[in-house]
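First up is the structure itself, then whatever we jot down about it.
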Amino acid sequence: MPLVRDVNIPLFLSFSLTDNNGKRSSAGFWLPNTISVTDAATYVAALETAIAGLSDARIERATVTLNFTQPDTYVYIAPASSEVERKLAVTFVDGTGFYQFGSEIPSPRFTLEVDGTDSVPLSNAALSLFADAVVNGPLGPGNGATTFHGDDLTRILGATVIHRNRKKAR
Amino acid sequence: MPVPLTFIWKDNNGKKAETRFWMPDTVTLDNVNAWPSHLETAMLLVSDARIERAEVRWNFPLSLNTTAGPNSDVSRILMLFYRNEGDPAAVSLVPSPGALPLDTVGAYRGVRLGLAAATVSGLLPDLERIADGTLTPGGTAWPGAFRVGGVTRQEEA
């Protein structure tokens, strides 16, 4: 069952504020769930003005949070062997080859491991499908996941199974 | 600016973990819905844990270039209460309410009713702007002309 956005829950908008001593706090509000990007920017601007009128702290950031949840009919229970401290560490790289992005998927399936080693071959069909989904995104090539700095990921570089505090060199 | 998409997992022992991806800046509020289910399907090919939920945190640019005042202190908080008849109340916190006179906020422990905050000259337009621009946690608008109350609090040192 796919994760779905609950349109009955309002969007949560949070402003981050900092005072003269560098201490941080936040102010949160609920917004209509049906608004567009343009509308959201309008709400943010209006509320920023209101907060600036009330507070003498510095307004640093405005963040809207969207939540996606499983439907009530989703009954999947992770098997007893599942363990989120085991990770599948996957490295992706951008088109230049210089910029990488590392992702950790908890509790990798044991079928990914070959001959008792922690390395997962890139030829593994499940891993290949996962990598394609990350690189291409739901909208197709050129619209996939990126690095933290916004570099488009173009291919998978490597994958290995690790355990917390026991990361193996690739 | 990439947009973070975070998945929250749980294993059979109830332990939780997170996985984060960065979506391209071409993602909008209108087309972001396709991302979580797309990556959920892909990740479940390689994992047997349960994905509990996903969260997208969207940063918006600010239009005002505010600076912190010399007496600003975010441990002083103006608590705004909004309530409709029959609805749950919503509370919004505005840190360092410098627009309020210090003797209104006061230096004291705990919580003290400060409904006077809504009557301080010049503040009502900003308070009403908040009430007009936001919803209750249940997703309904705030009706009525006077729907803002204020309480001030100073956290213990």
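The values are calculated or read from the model by the stated rules, or taken from the named source; none is laboratory data. Quick caveat: nothing in here was measured; it's all calculated off a predicted structure. Virtual Cβ from ideal backbone geometry, glycine too; neighbours counted across all protein chains shown.
Structural remarks
- The stretch A:39-77, subset under 30 Å from A:G142 (Cα atoms) and polar (S, T, N, Q), residue farthest from the chain's Cα centre (by Cα): A:T42
- Checking each residue in the stretch B:5-58 for being at negative phi and small (G, A, S) picks out B:A17, B:A34, B:S37, B:A42, B:S47, B:A49, B:A54.
- Counted residues, the stretch A:111-147 - those being surrounded by fewer than 16 Cβ atoms within 10 Å (Cβ to Cβ) and over 21 Å from B:S37 (Cα atoms): 9
- Of the residues in the stretch A:98-119, none is at the interface with another protein chain (Cβ under 8 Å from one of its Cβ atoms) and under 30 Å from A:T34 (Cβ atoms).
- Filter result (assigned to a loop (DSSP other than H, G, I, E, B) and farther than 17 Å from A:L66 by Cα) within the stretch B:2-12: B:D11, B:N12
- Among the conditions (1) aliphatic (A, V, I, L, M); (2) modelled with pLDDT of 90 or more; (3) surrounded by fewer than 20 Cβ atoms within 10 Å (Cβ to Cβ), B:A54 misses just one, which is (3).
- Filter result for B:N31 (surrounded by fewer than 16 Cβ atoms within 10 Å (Cβ to Cβ), under 30 Å from A:Y76 (Cβ atoms) and of a type in the set (S, T, N, Q)): yes
- Filter result (farther than 23 Å from A:S36 by Cα and either in contact (Cβ under 8 Å) with a residue 12 or more places away in the chain or surrounded by 21 or more Cβ atoms within 10 Å (Cβ to Cβ) (or both)) within the stretch B:13-28: B:K16, B:A17, B:E18, B:T19, B:R20
- Residues in the stretch A:78-129 that are among the β-branched types (V, I, T), within 18 Å of A:I156 (Cα to Cα) and within 18 Å of the chain's Cα centre (by Cα): A:V90, A:T91, A:V93, A:I105.
- The condition of being within 7 Å of chain A (Cβ to nearest Cβ), surrounded by fewer than 22 Cβ atoms within 10 Å (Cβ to Cβ) and touching a strand residue (DSSP E or B) at 6+ places or on another chain (Cβ under 7 Å) holds for only one of B:P36, B:P2, that being B:P2.
- If you filter the stretch B:20-51 down to residues that are closer than 17 Å to A:S103 by Cα and β-branched (V, I, T), you find that the one that is farthest from the chain's Cα centre (by Cα) is B:V46.
- For B:P61, the conditions (1) farther than 24 Å from A:Y76 by Cβ; (2) at the interface with another protein chain (Cβ under 7 Å from one of its Cβ atoms) are fulfilled apart from (2).
- Here A:A133 meets each of (1) facing another protein chain (nearest Cβ under 7 Å); (2) under 18 Å from B:A54 (Cα atoms); (3) part of a loop (DSSP other than H, G, I, E, B) with one exception, condition (3).
- Subset of the stretch B:13-32 [closer than 30 Å to A:E83 by Cα and outside any strand (DSSP E or B)]: B:N13, B:G14, B:K15, B:V32
- Subset of the stretch A:58-92 [free of Cβ contacts under 8 Å to residues at least 12 places away in the same chain and of a type outside the set (D, E)]: A:V75, A:I77, A:P79, A:A80
- Single residue of the stretch A:28-50 satisfying the filter (touching a helix residue (DSSP H, G or I) at 6+ places or on another chain (Cβ under 8 Å) and part of a helix (DSSP H, G or I)) that is farthest from B:V3 (Cα to Cα): A:A50
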